[in-house]
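Below: the structure, in structure tokens.
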Amino acid sequence: MSLKDKKVAIIIANEFDEQEFRQPYERLKAEGAKVTVVGIEAGQSLMGHHRRESAVTDAGFNTVSPDDFDALIIPGGYSPDKLRMSEKAVALVRGMYEQGKLVAAICHAPSLLISANMVRGKTLTSWPSIRVDLKNAGAIIVDREVVIDGNIVTSRSVSDVPAFTQTIVNILEGKAKMVAAS
């Protein structure tokens, strides 16, 4: 099954994790999805956390809405912490969640879900250093490669990127369901 009718936003700021951005980006494009890189402003050249690559944003938060996308991906690195400071970034994430659309966050990215007020009672995983923040915000923390709870998918780290990406593809293709975690 092709993803040619699917539209996916990947939201980033400076110091995004290169692998957590690049691997889902390339896989989704190869599967036929229309992938839009969204940042604070369109046309921004953003540098990855490890200074190995940069990416240019296709759109700014002020020009997109949840209605434009089927799914949203938040790579880790220090980018999510920067995005938490943008009301428009937080509003896009929250809007996607409220519309029941897929929101996928890896590594440090679930911290942005806290700012979007969407973790209370949800089962999530993340990079170890933000687990206490998630727990304090009301999340149920588990240590698994991929966790699906409702329309939220989370993963722990770069080593989980293949499974994280495959889960996103499976959900978009209808091969996996967004269901409450057990």
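Of note:
- So R120, is it without any contact (Cβ under 8 Å) to a residue 24 or more places away in the chain, surrounded by fewer than 22 Cβ atoms within 10 Å (Cβ to Cβ) and within 17 Å of V147 (Cβ to Cβ): yes
- Search result, residues across the stretch 133-182 that are of a type in the set (S, T, N, Q), part of a loop (DSSP other than H, G, I, E, B) and either open to solvent by 30 Å² or more (accessible area, probe 1.4 Å) or at positive phi (or both): S182
- Considering residues of the stretch 32-72 that are of a type in the set (D, E) and closer than 14 Å to K7 by Cβ only, the residue most open to solvent (accessible area, probe 1.4 Å): D67
- Screening L72 with (1) under 18 Å from I130 (Cβ atoms); (2) touching a Leu at 6+ places or on another chain (Cβ under 9 Å) gives one miss only, at (1).
- Tallying residues that are more than 13 Å from G76 (Cα to Cα) and either hydrophobic (A, V, I, L, M, F, W, C) or within 12 Å of the chain's Cα centre (by Cα) (or both) within the stretch 95-147 yields 19.
- Checking each residue in the stretch 111-131 for being within 22 Å of E41 (Cα to Cα) and assigned to a helix (DSSP H, G or I) picks out S111, L112, L113, S115.
The values are calculated or read from the model by the stated rules, or taken from the named source; none is laboratory data. Since the model is a prediction, treat every value here as computed from it, not as a measurement. Glycine also receives a Cβ, built like all others from the backbone with ideal geometry; neighbour counts cover every protein chain displayed. SASA here: full protein model, heavy atoms, side chains in, ligands and nucleic acids out. Shrake-Rupley method; radii C 1.70, N 1.55, O 1.52, S 1.80 Å.
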